[in-house]
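Novice: Structure in structure tokens, see below.
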Amino acid sequence: MYKIDTPSSEQDFTEYFAFRWKMLREPWKYPEGSEKDEYEQVSQHRMIRNPDGDVIAVGRVHMNSGEEAQVRHVAVEKDYQGKGLAKMLVASLEAVARAEGAERIVTNSTQASIALFTSLGFKAQKGSIKELGEQQRQQMVKKIFDPSSFLLHPKWCELLQRTWHETIPISEQMGIKIHQYSGRTLETRASLNKNINLHGTMFAGSIFSLATLTGWGMIFLQLKEKGLVGDIVLGDGNINYHKPITMQPRALCNIESLNGKFESLAKNKKCQIKLNVSIMDSDNAVAEFSGVFWVLPTKETGT
């Protein structure tokens, strides 16, 4: 039985990179150190050891953007190939990409690994690139997120996501994404890696931003539900922190927490909406946000 590990100690990483160099760079006569690149610090690394403690397989994933993850440096010791270890690694890296909110995963596969990635649902794209001399690499892509399967109104949610990214650029840099909308509950998620502090936990300011945008987004979607429009602004926001976030940042806003009368907008009057947002670390509640928002009428209200 083999188990996937996450390298954490200095010794783990020394052995991890040594194996990567031996498998992926030494055969091409590249010097030690060439196995590393500028993405190491923002990547998630995985490895497998044999019963003697020797590293026998490695792999890595990093985010190219808020929507795209890239799998790289997958390698398995020759004597252990054909035992499903590569599939185990890629599945583990895909799980990381899903948790980060990626919509697709890409990889630049060698000819020898095209069959592997094809069996895992990746599809070859037109064209190829060259890397490491004459070794050919084929770009392959796997779609891992279909908004319509998670969202009640995917077009509204897509508009909300785009509005965040275009008007609040930091939301994209933080990796904040809509995960689910049921009509009664809005769930958003953020990337921990993009909001991590020196203690290995999520910045308090990032947690506040995630909660605020989730509340703002719930009001945005409720306006759509009611056929109303208006300018949403935060009047006041308070958050109580109980525990640090060390895993998957999630925010939940339920319709039951909303308190206010949207109908005022139809009369060209502003309305006040109070709501609560629960902040989760994976499945653990770690903070509560209470917000007071104002929705200001616009010329389009009621149309």
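Bear in mind these aren't lab numbers, they're just calculated from the coordinates by the rules spelled out. Source: prediction; values computed, not measured. Here the Cβ is made from the backbone with ideal geometry for all residues, glycine too, and neighbour counts use every protein chain on show.
Novice: Just want the answer: with Cβ charges of +1 for Lys and Arg and -1 for Asp and Glu, which residue in 107, 84, 125 is farthest toward the dipole's positive end in segment 4-143?
Specialist: With unit charges placed on the Cβ atoms, the residue in question is 125.
Novice: For the pair residue 144/residue 2, report the inter-label distance in nm, with labels modelled 7 Å from Cα in the Cβ direction.
Specialist: Calculated label separation equals 1.9 nm.
Novice: Can you give the calculated 222 nm mean residue ellipticity of the chain, where each DSSP H run of n ≥ 4 adds -39,500 (n - 2.57) and the sum is split over every residue, rounded to the nearest 500 deg cm²/dmol? Write out the running numbers ahead of the final one.
Specialist: Working: 6 runs with 77 residues, N = 303.
About -8000 deg cm²/dmol.
Novice: Counting pairs of Cα atoms in the chain, how many percent are more than 32 Å apart?
Specialist: Taking all Cα-Cα pairs of the chain, the fraction more than 32 Å apart is 38 percent.
Novice: Which loop-located trypsin sites (Lys or Arg not before Pro) does segment 20-80 contain, where loop means any DSSP state but H, G, I, E or B and the Cβ has at most 11 other Cβ atoms within 10 Å? Provide the component values of the computation, followed by the final result.
Specialist: On the way: sites: 20, 22, 25, 29, 36, 46, 49, 60, 72, 78; in loops: 25, 29, 36.
The qualifying sites are 29.
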